[in-house]
Amino acid sequence: MAILLARLLLVPTERQDLSPTYWINMGATAISVFAGASILGLPDVPGLVHQVGPTVAGVSFMLWAFGTWWFPLLVVLTVWRVVGRAGLRRYDPALWSIVFPLGMYSVASMALGRALHSAALITVGTDESWLALAGWGLTLGLMFWSWAYQG
């Protein structure tokens, strides 16, 4: 992630360089958060979860915060890419690489919220699930539209 961020900040980037696959990084962060939340939800086998719990909770929350910070940056970069190309005119299968991270972020937020007993994180995850559903529907609609009208 540090190398990717350094590239975006230090190397001149053209619109066509910003493929939807940049979203996969947010998905990886969300998967790590979900794994941490799953560990926190395990039964306390001879005190193991009790011993590693604070570290796992801290790292999971840090990764969630990073994914939360990464999200608006990706939205801005994606909008910049799309607007620079005069809108989305054709379907690109890489658009599905945006949908999974949106859903995974939602699930990870809700799981971490339950593990940390945080209603705010659960609310973020619930609200994000609607955004993920909209992204899925938009991508699916664009795919069908391209099949029907663009051959």
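Going by what's in this entry, would Val59 be described as at negative phi, hydrophobic (A, V, I, L, M, F, W, C), touching a helix residue (DSSP H, G or I) at 6+ places or on another chain (Cβ under 7 Å) and surrounded by 13 or more Cβ atoms within 10 Å (Cβ to Cβ)?
yes
Entry remark, segment 112-134: residues being over 19 Å from Trp69 (Cβ atoms) and not hydroxyl-bearing (Ser, Thr, Tyr) number 8 in total. Among residues of segment 41-50 being surrounded by 11 or more Cβ atoms within 10 Å (Cβ to Cβ) and either part of a helix (DSSP H, G or I) or among the β-branched types (Val, Ile, Thr) (or both), the one that is farthest from the chain's Cα centre (by Cα) is Leu48. In a helix (DSSP H, G or I), touching a residue at least 60 places away in the same chain (Cβ under 8 Å) and of a type in the set (A, V, I, L, M) - does that describe any residue in segment 126-149? Looking for residues that are in a helix (DSSP H, G or I), touching a residue at least 60 places away in the same chain (Cβ under 8 Å) and of a type in the set (A, V, I, L, M), one finds none in segment 126-149, hence no. The residue list Ser97, Ser118, Ser106 contains one member that is of a type in the set (Ser, Thr, Tyr), within 30 Å of Asp17 (Cβ to Cβ) and out of contact with any Phe, Trp or Tyr (no Cβ under 8 Å at 6 or more places or on another chain), which is Ser106.
Of all residues in segment 1-31, those being closer than 23 Å to Tyr91 by Cβ and basic (Lys, Arg) number 1. Of all residues in segment 2-40, those that are assigned to a loop (DSSP other than H, G, I, E, B) and surrounded by 12 or more Cβ atoms within 10 Å (Cβ to Cβ) total 3.
Any read-out appearing in this document is the output of simple, stated calculations on the displayed coordinates, not a laboratory observation. Quick caveat: nothing in here was measured; it's all calculated off a predicted structure. When we count neighbours, we look across all protein chains shown, and the Cβ atoms used for this are built from the backbone with ideal geometry, even at glycine.
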